[in-house]
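Visitor: Structure incoming, see below.
The values are calculated or read from the model by the stated rules, or taken from the named source; none is laboratory data. Since the model is a prediction, treat every value here as computed from it, not as a measurement. Methodologically, a virtual Cβ is constructed for each residue, glycine included, from the backbone with ideal geometry; neighbour enumeration extends over all protein chains shown. Each accessible area value is taken on the protein alone, full model and side chains, heavy atoms only, with ligands, DNA and RNA left out. Shrake-Rupley method; radii C 1.70, N 1.55, O 1.52, S 1.80 Å.
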Amino acid sequence: MNIHLDEDSRLPQLTSGLAWVAAAVIVLIVTTLSVLRVSRISGDEVGVLLNKWSGKSKIVAQSGQIFYNSLISRLYVLDKTLQTLEMTVTPGRGERPGKDDVKIKTVDGSDVHVDVVIQYRIIPDEARLVLATSGPGDAYKL
């Protein structure tokens, strides 16, 4: 007994299989685009690319575009230009709120309060240390 199948009877099976393949390709493309990140590091910035799984970090000192996978890595960008921190007795003056002048103990035991202006910049090779001790963003400024 021979059963003859028409080409038309296989068409629903073929189109249903293609629909699953197309859906899988679309999910793969959306997932890839959602985890692929592109960031820009300018000439006055330094980047630290931190691997979330291993904890290892890489310094990105050259300016330009950087591509990375956001599931595996996180990019932190720090300003490496000359910064000024003013510490004064006058509340509201400078970057930090409140009184933040420097208290110095003299040889005779007296306390002297001094207004100080500190200028600093981040050394690109030490950006890992700044990130590890102060945290991300501008936390190192405060």
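Visitor: If R₀ is 35 angstrom, what is the calculated FRET efficiency for the pair ARG37 and VAL89, using the beta carbon separation as r and rounding to 0.05?
Guide: 0.20
Visitor: Turning to a different aspect of this structure: Stretch SER110-ASP44 to full length: gain in nm at 0.36 nm per residue minus the Cα-Cα span?
Guide: Net length gain for the segment: 19.5 nm.
Visitor: Using a Gaussian network for the chain with springs between C-alpha atoms less than 10 Å apart, which of these wobbles most: LEU78, LEU18, LEU28?
Guide: In this elastic network of the chain, the residue with the biggest mean-square fluctuation among LEU78, LEU18, LEU28 is LEU18.
Visitor: Can you give the FRET efficiency for SER54 and THR81, using 1/(1 + (r/R0)^6), R0 = 41 Å, r = Cβ-Cβ distance, to the nearest 0.05?
Guide: The computed FRET efficiency comes out at 0.85.
Visitor: Report in % the part of the accessible area of region 39-122 that belongs to carbon and sulfur, leaving out ligands and nucleic acids; probe 1.4 Å.
Guide: Its accessible area is 53 percent carbon and sulfur atoms.
Visitor: Before I look further, what does the chain give for accessible area per residue, probe 1.4 Å, in whole square angstrom?
Guide: Counting only protein heavy atoms, the per-residue value for the chain is 73 Å².
Visitor: Just to be sure I understand: if I project the alpha-carbon convex hull of region 51-98 onto a plane and average over all orientations, what area do I get in nm²?
Guide: 5.6
Visitor: Over the Cα atoms of the chain, each weighted equally, I'd like the Debye log10 I(q)/I(0) at q = 0.11 Å⁻¹, rounded to two decimals.
Guide: Listed by q, the Debye log ratios stand at -0.67.
Visitor: Nearest 10 degrees is fine. How inclined is helix 7-35 to the longest principal axis of the chain, computing both from alpha carbons?
Guide: 10
Visitor: Where a Cα-Cα gap under 21 Å defines reach, which lysines qualify for LYS141, not counting those fewer than 8 residues away within the same chain?
Guide: LYS141 reaches LYS80, LYS99, LYS103.
Visitor: Exactly which chymotrypsin sites (Phe, Trp or Tyr not before Pro) in region 43-91 are in a DSSP loop and have at most 13 other Cβ atoms within 10 Å?
Guide: TRP53
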